[in-house]
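Chemist: The structure under discussion is supplied below as C-alpha cells; questions concerning it will follow.
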Amino acid sequence: MQTGTDVVYAADLLRKGKLVVFPTETVYGLGANAFDAYAVARVFSVKKRPTFDPLIVHISAFEQIEQLFQSPIDEQVYTLAKAFWPGPLTIVHNKKPEVPDLVTSGLPTVAVRMPSHPVAAELIRLAGVPVAAPSANLFGCLSPTQANHVEKQLNEPDYLLDGGQTIFGIESTVVSVEPGGVRILRHGAISQESLEVHVTILTEKEVEKSGQLPSPGMLKSHYSPRKPLYIIKESNFGKINEESGVIINSSYTMKNFNGIKTISLSENGNLCEMAVNLFAALHVMEDDPEIKQIFIEPVSETGIGKAIMDRLRKAAYNYDTEGKP
Ligand code: AMP
Ligand code: MG
C-alpha cells in the first residue's frame, strides 16, 4: 500500500472509486465514495467486515446533509449538527433512496458525520463526494490511531494518508434521531452529558415502547487484541505474572505489578488522555512477543470514561468469562 501526505492525489483516487485510508479526529478510516457501490463493496471485503454492519458516511459541508437524509429532516438533526459538527458525533436518520443499500446494510436509515480533522475535512472537500468509511482495521480487531497501526492490518487499500496520531483516539458517539428524542447507539468521543445539554436522550424503556430496532454491528466482542485481555479486578489481580503486560492509569492505588511491561495511559488520571492513548497501548502489548496476556485497569464511567469502558468490555469479552450468562 502506498503511503504519503498528498491530499489532492488521495481525493482524486476517491473520485475514481479507489480506497483511501485517512486520519480523522477519532481513529483512521478506510474511505470510499459513498455513492459508488462497487467501491463500498471493496471496503467490506478489505476489512472482512460482514455486510450486516453498516458504514458511517463522512461529509465536509452542511449542505451535504440534504444529499443523504430524506426530507422532512427532524429538527434535532440540525440542533445536533450545529452543536457538534464538525466533530466526533455520528447522526443516524432516514436515508434518501440514492444512498446505496450496501452502505446502510439495507436499513432505511444512514449514519452521517462531519469530521473536524483538517486532513479528513480537506480530503472530503476535494473529493467532492460523501465518503463512506469504517475504521481502517480488520473487523473485530484493534482500532488504528496511528498510520503504522493500519499497516499492521491492511495492505489492499490504494493509498494511506499519514496524518500522525489521531486526536481523540476513540470512535465517534453514534446517535439515532427519533421522534421526541435521541437514542445513543454507541458511546464515544462526545459524552452523554454534553449531548443532554442540547437534546432529550431516550431511555432504553422509551425505546422499547417505540419498537425501534437496536443498532446492527453492536457486538459483544469487538476492538480485540490478538491475545487474552483482562480488566483488572480483585479476583484476577493475582494472575498478573512475568508474561503479562499491564496497562494502568494513575488512579490505581497498587502499582506493584509483576508484569514485564507497564504502560500508563495518563499520569494524572485524565480520561481524555487515556482515550487518546488506549488503542496505541493495546497495539504495543499486542506486538510484544514476550507478552502472553494483557491486564488493563478499569476507569470511572463518567464522560468519555463510559466509551472507554465500553471498548474494554468488548475487547476483553472473549477472555473475561466471569459474570457472563
Ligand atoms: P464503525 O464504522 O466501525 O465506526 O461502526 C459504525 C457503526 O455505526 C456500526 O457498527 C453500526 O452499529 C452503527 N451504524 C451505522 N449505520 C447505522 C444505521 N443506519 N443504523 C444504526 N446504526 C448504524
Ligand atoms: Mg470499527
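Chemist: In nm, what is the difference between 0.36 nm times the number of residues separating residue 234 and residue 8 and their Cα-Cα distance?
Modeler: Numbers: separation 226, 0.36 × 226 = 81.36 nm, distance 5.27 nm.
Length difference between fully extended and current span is 76.1 nm.
Chemist: Right, next: Give the shape of segment 1-43 as rounded, prolate or oblate, defined through the alpha-carbon gyration tensor: a ≥ b ≥ c are the square roots of its eigenvalues, a/c under 1.5 means rounded, and otherwise the shape is prolate if a/b is larger than b/c and oblate if not.
Modeler: Judged from the Cα gyration tensor, segment 1-43 comes out oblate (a/c at least 1.5, b/c at or above a/b).
Chemist: I would also like to ask the following. Any aspartates and glutamates with Cα under 19 Å of the residue 233 Cα? List them, leaving off those in the same chain fewer than 8 positions away.
Modeler: Counting by Cα, and skipping residues close in sequence, residue 233 has these aspartates and glutamates nearby: 242, 243, 297, 301, 310, 320, 322.
Chemist: Here is a further query. State the answer as a single residue: which of 114, 26, 246 lies farthest towards the positive end of the charge dipole of the chain, with beta carbon charges of +1 for Lys and Arg and -1 for Asp and Glu, about the Cα centre.
Modeler: Toward the positive end, the furthest listed residue is 246.
Chemist: Let me ask something else about it. What does the extension gain come out to for residue 221 and residue 241, with contour length at 0.36 nm per residue minus their alpha carbon separation? Before the final figure, lay out each step's value.
Modeler: Working: separation 20, 0.36 × 20 = 7.20 nm, distance 2.49 nm.
Answer, rounded to one decimal: 4.7 nm.
Chemist: Right, something else. Short version: ³J(HN,Hα) in whole Hz for each residue of segment 42-51, in order, from phi by Karplus 6.51 cos²θ - 1.76 cosθ + 1.60 (θ = phi - 60°), x for Gly and Pro, what are they?
Modeler: So the J values, rounded to whole Hz, are 5, 4, 4, 5, 5, 7, 6, 8, x, 6.
Chemist: Ok, one more. Please report, in debye to the nearest 20, how large the charge dipole of segment 1-160 is about its Cα centre when each Lys and Arg carries +1 at its beta carbon and each Asp and Glu carries -1 there.
Modeler: Charge dipole of segment 1-160: 280 debye, to the nearest 20.
Chemist: Would you mind checking which residues have amide H under 5 Å from residue 142's amide H? H placed 1.01 Å from N; only 5 or more apart, or other chain.
Modeler: Hits under the 5 Å cutoff: 224.
Chemist: Relative to the longest principal Cα axis of the chain, at what angle does helix 75-84 sit, 0 to 90 degrees, rounded to 10?
Modeler: 50
Chemist: Given all pairs of different Cα atoms, what value in angstroms does the Kirkwood hydrodynamic radius of segment 24-80 take?
Modeler: 13.4
Chemist: Can you tell me the FRET efficiency between residue 98 and residue 1 if r is taken as the Cβ-Cβ distance and R0 is 41 Å, rounded to the nearest 0.05?
Modeler: Given R0 = 41 Å and the Cβ-Cβ separation, E is 0.85.
Chemist: Rounding to the nearest 20 debye, state how big the charge dipole of the chain is about its Cα centre with +1 on each Lys and Arg Cβ and -1 on each Asp and Glu Cβ.
Modeler: 580
Chemist: Amide H neighbours of residue 246 under 5 Å, at least 5 residues apart or on other chains, H built in the peptide plane: list them.
Modeler: 261, 262, 263, 295
Chemist: Please report, in Å, the Rg and the Dmax of segment 77-167, where both are computed over Cα atoms only.
Modeler: 14.5, 39
Chemist: How much of the pair distance distribution for the chain lies past 30 Å, counting alpha-carbon pairs only, in percent? Please list the in-between numbers first.
Modeler: Numbers: 17677 of 52650 pairs.
Tail of the P(r) past 30 Å holds 34 percent of the pairs.
Chemist: Report the residue, chosen from 122, 75, 25, that carries the largest GNM mean-square fluctuation when the chain is represented by alpha-carbon nodes joined by springs under 10 Å.
Modeler: Among 122, 75, 25, the largest mean-square fluctuation in the Gaussian network model of the chain belongs to 75.
Chemist: Using bins 10 angstrom wide from zero, how does P(r) for segment 258-325 break down, in % of all Cα pairs?
Modeler: Once binned at 10 Å, the Cα pair distances of segment 258-325 give 18, 50, 29, 2.
Chemist: Residues with amide H under 5 Å of residue 56's amide H, sequence separation 5 or more or different chain, H placed in the peptide plane at 1.01 Å from N; which?
Modeler: It is 133, by chain and number.
Chemist: In whole Hz, what ³J(HN,Hα) sequence does segment 125-130 give by Karplus (6.51, -1.76, 1.60; θ = phi - 60°), x for Gly and Pro?
Modeler: 4, 5, 5, x, 9, x
Chemist: Can you give the convex hull volume of the alpha carbon atoms of segment 22-176 per residue, in Å³?
Modeler: 97
Chemist: Please list, in order along segment 182-193, the HN-Hα scalar couplings obtained from phi with the Karplus expression 6.51 cos²θ - 1.76 cosθ + 1.60 (θ = phi - 60°), rounded to whole Hz, x for Gly and Pro.
Modeler: Once rounded to whole Hz, the list reads 10, 10, 7, 8, 8, 6, x, 5, 9, 7, 4, 4.
Quick note: the coordinates plus some simple rules give every number you see, no bench work behind them. These numbers come from a predicted model, not from an experiment. With ideal geometry, Cβ positions are generated from the backbone for all residues, glycine too; neighbour counts draw on all protein chains shown.
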